[in-house]
Amino acid sequence: MVLQESGEMYLETIYVLSHKKSFVRAKDVSEQMGVTRPSVSRAIHLLEDGGFLNIEESSGIRLTELGQELAAKIYERHLVMTQYFVSLGVDAETASNDACRIEHVISDETFAAVKNHMAAMKH
């Protein structure tokens, strides 16, 4: 199943929240993303149907292995692209906002090239 950008944003948000909290609830996702609870509920059920997460009464929203892998990939793209833009002189907030849009459409090939370039710059 290929996710649209909004589905990827929900996964990334759940991924980030799950590293800050032991129990992620729909309310947490709603507050973090600035969207309504019904929107979160709809997205969570679609992601659950796609095999990306499980909803467990005792432990909240949990990413499956598939969801964890995809969310980690998206989040890595966000971090690397933000760092890249900042290294070009873009302010951190603008860099993060632009990275957020680009992380969903950049090809694996181009991302690998940016990541390699960033690694070479550190040497």
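Just a few scattered comments:
- In region 1-42, the residues that are charged (D, E, K, R) and closer than 16 Å to residue 78 by Cα: 5, 8, 12
- Within region 102-123, being part of a loop (DSSP other than H, G, I, E, B) and open to solvent by 80 Å² or more (accessible area, probe 1.4 Å) holds for 105, 122, 123.
- Taken residue by residue, region 6-21 has at least one member that is touching a Leu at 6+ places or on another chain (Cβ under 8 Å), under 30 Å from residue 122 (Cβ atoms) and among the acidic types (Asp, Glu).
- The condition of being closer than 24 Å to residue 10 by Cα and not β-branched (Val, Ile, Thr) holds for only one of 99, 113, 120, that being 99.
- Hits in region 34-66 (condition: surrounded by fewer than 14 Cβ atoms within 10 Å (Cβ to Cβ), touching a residue at least 12 places away in the same chain (Cβ under 8 Å) and not polar (S, T, N, Q)): 51
- Matching residues in region 5-25 - criterion: being closer than 16 Å to residue 57 by Cα and open to solvent by 30 Å² or more (accessible area, probe 1.4 Å): 18, 21, 22, 23, 25
- Looking only at region 84-100, residues that are surrounded by 12 or more Cβ atoms within 10 Å (Cβ to Cβ) and assigned to a helix (DSSP H, G or I) come to 11 in all.
The values are calculated or read from the model by the stated rules, or taken from the named source; none is laboratory data. This one's a predicted model, so the numbers in the text were calculated from it and none came from an experiment. Quick reminder, even Gly has a Cβ in these numbers, built from the backbone with ideal geometry, and neighbours come from all protein chains shown. Calculation scope for accessible area: heavy atoms of the full protein, side chains included, ligands and nucleic acids excluded. Shrake-Rupley method; radii C 1.70, N 1.55, O 1.52, S 1.80 Å.
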